[in-house]
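Peer 1: Shown below is the structure under consideration.
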Amino acid sequence: MALYELFSHPVERSYRAGLCSKAALFLLLAAALTYIPPLLVAFRSHGFWLKRSSYEEQPTVRFQHQVLLVALLGPESDGFLAWSTFPAFNRLQGDRLRVPLVSTREEDRNQDGKTDMLHFKLELPLQSTEHVLGVQLILTFSYRLHRMATLVMQSMAFLQSSFPVPGSQLYVNGDLRLQQKQPLSCGGLDARYNISVINGTSPFAYDYDLTHIVAAYQERNVTTVLNDPNPIWLVGRAADAPFVINAIIRYPVEVISYQPGFWEMVKFAWVQYVSILLIFLWVFERIKIFVFQNQVVTTIPVTVTPRGDLCKEHLS
Amino acid sequence: MGRVSGLVPSRFLTLLAHLVVVITLFWSRDSNIQACLPLTFTPEEYDKQDIQLVAALSVTLGLFAVELAGFLSGVSMFNSTQSLISIGAHCSASVALSFFIFERWECTTYWYIFVFCSALPAVTEMALFVTVFGLKKKPF
């Protein structure tokens with residue numbers, strides 16, 4: 001009957017030498033060369049410490065029903081018309097105040113509890129001699145993120161558009177995009193920018209100056225911008241018809257970059273380190289076996305004796 | 001006393017591997033020199049770094065001569081400790097220098113590679129020369 005190898009196990013052999021011997025020095029050196037180079041390889045090949053990571057989230061955006069409108073009028077009646085939801089601003093306008101009809105509606109298309117788009121319609125009544133050539137419009141939103149850090153901020157969508165021919169309607173269809181100058185933190189509450197974009201309680205004209213508002217807004221590290229490359233101007237207004245701004249602003253899913261926390265950083269570093277270390281461990285194990293088996297460094301080999309022979313060793 | 005069969009050929013091979021990389025470096029040292037210079041540099045600055053690197057490479061070649069002489073003459077051919085040091089050092093040198101060329105490391109890093117991977121085995125080799133020829137000991 002032919003015999004097959006059904007089972008095998010390695011026999012352990014130990015090598016004895018003093019602590020200050022060449023063999024001990026070799027082992028120390030081998031250990032250093034096993035554990036340190038993987039660290040260098042992982043570190044030098046970049047991305048060892050995860051500095052920045054990203055996740056996707058649809059923000060919770062609500063329109064705050066704050067509007068600031070400046071309509072730039074045509075050549076013959078030069079000047080502008082203005083209106084806002086801030087009484088102090090309206091008081092400052094005098095004759096140039098023109099109250100429009102505003103209707104807004106926020107829509108949750110996929111029924112997930114987060115609004116997906118805003119329908120904004122503004123009808124600015126005009127006299128037959130007035131022609132709108134340009135529009136500056138600020139809408140403010142409350143913007144929230146939840147998944148990693150809780151970000152609460154008040155942001156704005158600034159729309160500025162003009163057309164050489166007097167328009168009857170301005171159609172805007174764009175996304176409210178998040179702009180980050182720095183990554184968010186990975187946890188905690190971030191309410192740095194939970195301050196209103198326009199200081200509606202201020203009686204001073206300076207606080208409603210568009211350059212001032214935009215300059216203060218751009219100082220922020222996290223902002224939102226209305227991303228609509230091509231606002232559409234429709235021309236041919238009837239004499240007594242109002243000028244209409246028709247805006248559809250979507251709140252898309254954003255890719256948000258954030259700074260990973262300690263454990264996430266350590267986890268990725270550990271994964272990289274250990275996967276390279278395994279190769280080094282295997283190689284140096286082979287080298288050590290070679291060195292000791294061939295007595296390249298002087299040691300006394302001791303084969304571990306079976307349990308029954310323990311007394312014999314004691315006797316000798 | 002050549003009881004360890006693998007040591008001598010592997011030492012020879014790692015020595016040669018290191019030698020080949022060093023000779024290759026003579027031709028492709030340009031990018032390494034540029035890596036340790038600022039974006040705009042004068043020809044004088046370039047020449048200064050170039051001369052430093054060429055000097056280091058030439059000294060390396062000299063140390064190779066020492067080590068190969070000791071190895072081939074039999075002074076250290078069967079000395080297992082020297083073989084281990086030499087294999088370890090030249091093996092790491094070949095790996096490090098190939099990274100040095102491919103990743104365009106700064107030319108100053110060559111000095112670290114030089115100290116640990118060329119000078120160290122050469123120094124032990126010279127110590128062996130002294131013990132063998134000066135103190136008249138057996139080479140293994």
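Peer 1: I'd like the residue in segment B:64-83 that is more than 14 Å from chain A (Cβ to nearest Cβ) and crowded, with 24+ Cβ neighbours inside 10 Å and, out of all such residues, is nearest to B:H18 (Cα to Cα).
Peer 2: Residue satisfying both the conditions and the ranking: B:E67.
Peer 1: Can you tell me which condition A:Q179 does not meet? The list is (1) part of a strand (DSSP E or B); (2) in contact (Cβ under 8 Å) with a residue 60 or more places away in the chain; (3) touching a Ser or Thr at 6+ places or on another chain (Cβ under 8 Å), and all the others hold.
Peer 2: All conditions are met except number (2).
Peer 1: Output the number of residues of segment A:197-230 satisfying the condition of being in contact (Cβ under 8 Å) with a residue 60 or more places away in the chain, open to solvent by 50 Å² or more (accessible area, probe 1.4 Å) and of a type in the set (S, T, N, Q).
Peer 2: Residues meeting the conditions: 1.
Peer 1: When you check B:S5 against the structure, is it free of Cβ contacts under 8 Å to residues at least 24 places away in the same chain, within 14 Å of chain A (Cβ to nearest Cβ) and of a type in the set (S, T, N, Q), yes or no?
Peer 2: Judged against the criteria, B:S5 is a match.
Peer 1: Among the residues of segment B:36-49, write down those that are assigned to a loop (DSSP other than H, G, I, E, B) and either within 22 Å of B:I101 (Cβ to Cβ) or open to solvent by 90 Å² or more (accessible area, probe 1.4 Å) (or both).
Peer 2: Within segment B:36-49, B:C36, B:L37, B:P38, B:L39, B:T40, B:F41 meet the criteria.
Peer 1: Suppose we filter segment B:103-116 for residues that are within 12 Å of chain A (Cβ to nearest Cβ) and either part of a helix (DSSP H, G or I) or closer than 24 Å to B:S73 by Cα (or both); how many remain?
Peer 2: Matching residues across segment B:103-116 total 3.
Peer 1: Now for a different question. Would you confirm whether any residue within segment B:50-62 is among the acidic types (D, E) and at pLDDT below 90?
Peer 2: no
Peer 1: If A:G236 satisfies every condition in (1) at positive phi; (2) surrounded by 15 or more Cβ atoms within 10 Å (Cβ to Cβ) but one, which is the exception?
Peer 2: (2)
Peer 1: Select, from A:R109, A:R98, the only residue that is open to solvent by 60 Å² or more (accessible area, probe 1.4 Å), on the phi < 0 side of the Ramachandran plot and within 41 Å of the chain's Cα centre (by Cα).
Peer 2: Testing whether each residue is open to solvent by 60 Å² or more (accessible area, probe 1.4 Å), on the phi < 0 side of the Ramachandran plot and within 41 Å of the chain's Cα centre (by Cα) leaves just A:R109.
Peer 1: Quick one: would you say A:S77 is of a type in the set (S, T, N, Q), more than 14 Å from every other protein chain (Cβ to nearest Cβ), in contact (Cβ under 8 Å) with a residue 24 or more places away in the chain and surrounded by fewer than 17 Cβ atoms within 10 Å (Cβ to Cβ)?
Peer 2: Yes, satisfied.
Peer 1: Right, something else. Quick one: how many residues across segment B:8-27 are within 14 Å of chain A (Cβ to nearest Cβ) and loosely packed, with under 12 Cβ neighbours inside 10 Å?
Peer 2: Going through segment B:8-27 one residue at a time, the tally reaches 1.
Peer 1: Does segment B:28-35 include one or more residues that are in a helix (DSSP H, G or I), of a type in the set (K, R) and open to solvent by 30 Å² or more (accessible area, probe 1.4 Å)?
Peer 2: no
Peer 1: Among the numbered conditions (1) surrounded by fewer than 18 Cβ atoms within 10 Å (Cβ to Cβ); (2) within 23 Å of the chain's Cα centre (by Cα), tell me where A:I249 comes up short.
Peer 2: Just one mismatch for A:I249, condition (1).
Peer 1: Additional query: On the basis of being away from every other protein chain (no Cβ under 14 Å) and either open to solvent by less than 60 Å² (accessible area, probe 1.4 Å) or under 33 Å from the mean Cα position of the chain (by Cα) (or both), does A:F43 make the cut?
Peer 2: Taking the combined requirement at face value, the residue does not satisfy it.
Peer 1: Filter segment A:1-39 down to residues that are open to solvent by 100 Å² or more (accessible area, probe 1.4 Å) and within 12 Å of another protein chain (Cβ to nearest Cβ) and give me whichever is nearest to A:V283 (Cα to Cα).
Peer 2: Checked segment A:1-39; the qualifying residue nearest to A:V283 (Cα to Cα) is A:L29.
Peer 1: Also, I was wondering about something else. Considering only segment A:175-187, I want to know if a residue exists there that is over 16 Å from the mean Cα position of the chain (by Cα) and either open to solvent by 30 Å² or more (accessible area, probe 1.4 Å) or modelled with pLDDT of 90 or more (or both).
Peer 2: yes
The values are calculated or read from the model by the stated rules, or taken from the named source; none is laboratory data. On a predicted model such as this, the values are computed, not experimentally measured, just so you know. When we count neighbours, we look across all protein chains shown, and the Cβ atoms used for this are built from the backbone with ideal geometry, even at glycine. These accessible areas exclude ligands, DNA and RNA; they are computed on the full protein's heavy atoms, side chains included. Shrake-Rupley method; radii C 1.70, N 1.55, O 1.52, S 1.80 Å.
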